[in-house]
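Engineer: If you scroll down you'll find the structure; I have some questions about it.
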Amino acid sequence: METQKIKPSARPDNKPLPTDGSEISVRLATESDSLAWDTYLSESEFSTIAHRWGWSKVLASSFGVKPFYIITEQNGVIVGILPTALMKSILFGKFLISLPWLDYGGPIANDHGIVRRLVDSAIMTANENDCSFLEMRAVRHRLSDLTEKANKVEFRLDLRCGEESLWKSFDSNVRNQVRKAEKNGLSVKFGAKELLDSFYAVFSLNMRDLGTPVWPKKLFAEIFRNFPNETEIAIVSHQNKCIAAALLLHYRNYSIVPSASADRRFLKFCPNNILYWEIIKHCLSRGSIVFDFGRSSEGAGTYHFKKQWVKNPQGQIWQYKLLKRNSLPELNPSNPKYKLAINIWRKLPLPLANFLGPKIVTKLP
């Protein structure tokens, strides 16, 4: 597969290693390293919310995967980290992912040489567990000898210009649809776990309508359990009925919506537009300076929707080490091989789709 020429959002940090003769060690992290792990991330300009230690618990509990969190140390101090998770599937085999479900992954390190050590350790782990490939998403530090995929982009909105300037910067169609939603009497409410049932009802319905197996509800419950102060839900209501909803995560001065959906029967009221505009204003009020709409594949429907808000999305580079295959994995809804399965899934009764979906999707990278 030919790599598209998209400029990545971050380049490797090539600062030299200290030359004091001290050795660098590489090992698997344990729960006792969790505080030092997150402290290291808080001091790195390349860290993302996906790299936080809590995701090892979220993914293990809701996906049933085995986390392999790798750290490098120098004189007992962490100088690099790489979170990965081992996934198993009867149909697709085994793979090591950094990280499943999340938009970001890959190594975070003080030095490009440390990146090499971290990735080599992950490759060794993948080989030891009979994996067909190692996948690292939206990497911040790239290695030139790995296979790359560059068909994903991230939509990050700089909030520092303020509400008025942001509003004027949006596509006129966005502004018109926000006004239309307001005229239709739509309202937006923010809350926490008490809104999870409303969120999941809309989310699971939309996923079924898209022909995609839904994530387990337990995933979102575990996110609230492990990140209670950083997680919110926003819901859009029409005549006291929830017609759209989004999961919102905060990290430092950054906010992201990893999952959002709307009931297609109410799209004429423009719920998605007022949902995102109210979320943006909410993020401004909490002091966020970056709002991330989440990743999309180029040309997808979500790509065109998000580009109305962010005119210049940044390319993501996903890197792979192919171990037992010669081509990049394409386990996504746009693959023509899955067209029939998608059409069948769309016709399933919602309770059946919600029962089967988590059993399937938690086994896919």
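The values are calculated or read from the model by the stated rules, or taken from the named source; none is laboratory data. Computed from a prediction, not measured in an experiment: that's the story for all the values here. Here the Cβ is made from the backbone with ideal geometry for all residues, glycine too, and neighbour counts use every protein chain on show.
Engineer: Restricting attention to segment 277-293, does a residue exist that is among the hydrophobic types (A, V, I, L, M, F, W, C) and without any contact (Cβ under 8 Å) to a residue 24 or more places away in the chain? Walk me through it before giving the result.
Structural biologist: First pass over segment 277-293, keeping only residues among the hydrophobic types (A, V, I, L, M, F, W, C): 277, 279-280, 283-284, 289-291, 293.
Add one more test, that the residue is without any contact (Cβ under 8 Å) to a residue 24 or more places away in the chain, and what stays is none.
No, every residue in segment 277-293 fails to be among the hydrophobic types (A, V, I, L, M, F, W, C) and without any contact (Cβ under 8 Å) to a residue 24 or more places away in the chain.
Engineer: Would segment 118-139 turn up any residue that is of a type in the set (Val, Ile, Thr) and touching a Lys or Arg at 6+ places or on another chain (Cβ under 6 Å)?
Structural biologist: Taking segment 118-139 as the starting set, the residues that turn out to be of a type in the set (Val, Ile, Thr) are 119, 123, 125, 139.
Next, only the ones that are touching a Lys or Arg at 6+ places or on another chain (Cβ under 6 Å) stay: 123.
Checked segment 118-139: at least one residue is of a type in the set (Val, Ile, Thr) and touching a Lys or Arg at 6+ places or on another chain (Cβ under 6 Å).
Yes or no, residue by residue, for (1) more than 23 Å from residue 300 (Cβ to Cβ); (2) at pLDDT below 95:
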position: 125; (1), (2): yes, no
position: 136; (1), (2): no, no
position: 168; (1), (2): yes, yes
position: 180; (1), (2): yes, no
position: 189; (1), (2): yes, no
position: 196; (1), (2): yes, no
position: 233; (1), (2): yes, no
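Engineer: Quickly run through segment 67-97 and pick out the residues that are modelled with pLDDT under 95 and under 19 Å from residue 321 (Cα atoms).
Structural biologist: 87, 88, 89, 92, 93, 94, 95
Engineer: Shifting gears a bit: Here is a list: 276, 251. Which entry is assigned by TED's automatic domain parsing to the domain that holds residue 227, of a type in the set (Ser, Thr, Tyr), within 19 Å of the chain's Cα centre (by Cα) and over 24 Å from residue 139 (Cα atoms)?
Structural biologist: Working: 251 fails: over 24 Å from residue 139 (Cα atoms).
When all the criteria are applied, what remains is 276.
Engineer: Tell me the residue from 222, 232 that is of a type in the set (D, E, K, R), buried (at least 19 other Cβ atoms within 10 Å of the Cβ) and in contact with a Phe, Trp or Tyr (Cβ under 8 Å, 6 or more places away or on another chain), please.
Structural biologist: 232
Engineer: If the requirement is being touching a residue at least 60 places away in the same chain (Cβ under 8 Å), polar (S, T, N, Q) and farther than 27 Å from residue 153 by Cβ, which of these qualifies: 226, 240? Step through it out loud before you land on a result.
Structural biologist: Working: 240 fails: touching a residue at least 60 places away in the same chain (Cβ under 8 Å).
Exactly one residue qualifies, and that residue is 226.
Engineer: Output the strands (runs of 3 or more DSSP E) that fall wholly within segment 161-268 and possess 3 or more residues being within 25 Å of residue 65 (Cβ to Cβ), or say none. Give the derivation first.
Structural biologist: Values: elements: 187-191, 231-238, 241-251, 254-262.
Those strands (runs of 3 or more DSSP E) span 241-251, 254-262.
Engineer: Out of the residues in segment 292-326 that are among the aromatic types (Phe, Trp, Tyr) and within 18 Å of the chain's Cα centre (by Cα), which is surrounded by the most Cβ atoms within 10 Å (Cβ to Cβ)? Don't jump to the end; show me each part of the working.
Structural biologist: Let us first name the residues in segment 292-326 that are among the aromatic types (Phe, Trp, Tyr), namely 293, 303, 305, 309, 318, 320.
Checking which are within 18 Å of the chain's Cα centre (by Cα) leaves us with 293, 303, 305, 318, 320.
Numbers: 293: 23, 303: 16, 305: 16, 318: 21, 320: 18.
This residue is 293.
Engineer: When you check residue 57 against the structure, is it touching a Lys or Arg at 6+ places or on another chain (Cβ under 7 Å) and surrounded by fewer than 19 Cβ atoms within 10 Å (Cβ to Cβ), yes or no? Please lay out each step first, then the result.
Structural biologist: Details: touching a Lys or Arg at 6+ places or on another chain (Cβ under 7 Å): no; surrounded by fewer than 19 Cβ atoms within 10 Å (Cβ to Cβ): yes.
Considered against the rule, which asks whether it is touching a Lys or Arg at 6+ places or on another chain (Cβ under 7 Å) and surrounded by fewer than 19 Cβ atoms within 10 Å (Cβ to Cβ), residue 57 comes out as no.
Engineer: With respect to residue 220, is the statement that it is within 30 Å of residue 57 (Cα to Cα), touching a strand residue (DSSP E or B) at 6+ places or on another chain (Cβ under 6 Å) and not assigned by TED's automatic domain parsing to the domain that holds residue 50 true? Reasoning before the result, please.
Structural biologist: Values: within 30 Å of residue 57 (Cα to Cα): yes; touching a strand residue (DSSP E or B) at 6+ places or on another chain (Cβ under 6 Å): no; not assigned by TED's automatic domain parsing to the domain that holds residue 50: yes.
No.
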